[in-house]
Amino acid sequence: MKATATAPANIAFIKYWGRLNHDLFLPLTTTNSMNLSACTATTTIEFGAKTDSIVISDSEGNAKEIKNVAGEKDGMLFKTLDRIRERSGIKGGATVTSELSFPMGAGIASSAAGMAAFVAAGYAAAGNKKVTEDLEELSREIRLSGSVSAARSSHDGFTEHLFGMSNEDAYTVQIASEDHWDLVDLVAVLSPEEKKISSSLGHRLADSSPFMQARIEYLKDKPDLARKAILDKDFESLATLSEIDTINMHAVMMTSNPPAFYFAPASIDIIKAVTDWRESDGIPVFYTFDAGPNPHVITTSKSAPEVLKRLQAHPEVQFVLENIPAPGVRITDNE
Ligand code: PMV
């Protein structure tokens, strides 16, 4: 009744923002991403306690007990424990400890790593092999815990969560393994600030932007084009697709009601710098952003030392996390 799982966060090339169905967390588009080696969560779950308790700690030694708040991602963790117990026919409170490999206050999307490891460890501890031995089913369960980005971490390397009109049809598949392409994602961490609009709320606000319909129209062929760029290792195409997609998504965010501004002044500064490094200095490099201010600067392993040096020289960059493509969820211990 005890298990440990590790999962990576990931960075999306074609992003998910807004949902077709908020109960089933169905995304409005197929969305693809690369798993990140330096941003992982390791979660242990044991059933048999009187009540549920969840504690998350990070690489700096900070620890936080999670409270059961309705409607938020934290609350979804408790709902997910109920779902795991119900689907697996078990009883007993869960004792959950989760360790992040990076600082939790740094504005790095921890939910993708955290939710994926949480769901895998939970079903493994509950002895539910129907879920743990079927990665597509595991990805559906991770999505149902509230995070599509987390569901992309079920498979190794480069993955995509498919658009579907039902729970059955929306699941993750692999595009290519982690050793397919030596990309590097340098996450430039700017000064941490608590998000004013969580991504859970942002997905609900997306429809209030007059540009959301235009984004859906624009997205039609983009997941296919990004998949092809990954398979062909076509850096230039992936760069163009990713940069346009991230700015398109942030335009929807900034025009929702109320608007959600995630960029900091330094984010814009780094957008301009990265464009200049590519266009003037010929470095293969592009930027992309989640729902936060920190630029993910993607380059090749050959150019990574130069790009890292340039990012570290920026006065607003606190530190840089260096990621290579990584495996997906692993159940590392199951008693
Ligand atoms: O899956 P969520 O609820 O963490 O939302 C992810 C939203 C973005 O990071 C902005 C985009 C993405 O596809 O990762």
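A few comments on the model shown:
- Test: residue in the stretch 182-205 that is under 14 Å from the mean Cα position of the chain (by Cα) and at positive phi: no
- Criterion: surrounded by fewer than 23 Cβ atoms within 10 Å (Cβ to Cβ), more than 16 Å from the ligand (Cβ to nearest atom), more than 16 Å from the chain's Cα centre (by Cα) and not in a strand (DSSP E or B) - qualifying residue of LYS64, LYS130, LYS79: LYS130
- Filter result (within 17 Å of the chain's Cα centre (by Cα) and under 30 Å from ILE283 (Cα atoms)) within the stretch 165-181: GLN174, ILE175, GLU178
- Criterion: surrounded by fewer than 24 Cβ atoms within 10 Å (Cβ to Cβ) and in contact (Cβ under 8 Å) with a residue 60 or more places away in the chain - qualifying residue of GLY114, GLY92: GLY92
- Residues located in the stretch 304-329, provided they are in contact with a strand residue (DSSP E or B) (Cβ under 7 Å, 6 or more places away or on another chain) and free of Cβ contacts under 8 Å to residues at least 40 places away in the same chain: GLN312
- Odd one out for ILE45 among (1) more than 16 Å from the ligand (Cβ to nearest atom); (2) over 30 Å from VAL285 (Cα atoms); (3) in a loop (DSSP other than H, G, I, E, B): (3)
- Evaluation of ASP179 against (1) outside any loop (DSSP other than H, G, I, E, B); (2) within 30 Å of LEU311 (Cβ to Cβ); (3) of a type in the set (Asp, Glu) (one fails), failing number: (1)
- Enumeration of residues in the stretch 29-42 that are away from the ligand (no atom under 11 Å from the Cβ) and under 17 Å from ALA291 (Cβ atoms): LEU36, CYS39
- Residue list for the stretch 6-25, restricted to those being near the ligand (Cβ under 9 Å from one of its atoms), of a type in the set (A, V, I, L, M, F, W, C) and assigned to a loop (DSSP other than H, G, I, E, B): TRP17, PHE25
- Within the stretch 67-76, if we keep just the residues that are under 20 Å from the mean Cα position of the chain (by Cα) and not in a helix (DSSP H, G or I), the residue that is surrounded by the most Cβ atoms within 10 Å (Cβ to Cβ) turns out to be GLU72.
- Check on ILE45, more than 22 Å from LEU321 (Cα to Cα) and either touching a residue at least 24 places away in the same chain (Cβ under 8 Å) or of a type outside the set (Lys, Arg) (or both): yes
- Condition check for ILE108 on (1) among the aliphatic types (A, V, I, L, M); (2) away from the ligand (no atom under 16 Å from the Cβ); (3) part of a loop (DSSP other than H, G, I, E, B): one failure, at (2).
- Residue among SER242, SER256, SER208, SER237 that alone is more than 15 Å from the ligand (Cβ to nearest atom), in contact (Cβ under 8 Å) with a residue 24 or more places away in the chain, over 19 Å from SER111 (Cα atoms) and of a type in the set (Gly, Ala, Ser): SER208
- Criterion violated by GLU86 - all others in (1) acidic (Asp, Glu); (2) under 29 Å from VAL320 (Cα atoms); (3) modelled with pLDDT of 95 or more satisfied: (2)
The values are calculated or read from the model by the stated rules, or taken from the named source; none is laboratory data. Here the structure is a predicted model, which means the values were calculated and not measured. Backbone-built Cβ (ideal geometry, glycine too); neighbour counts: all protein chains shown.
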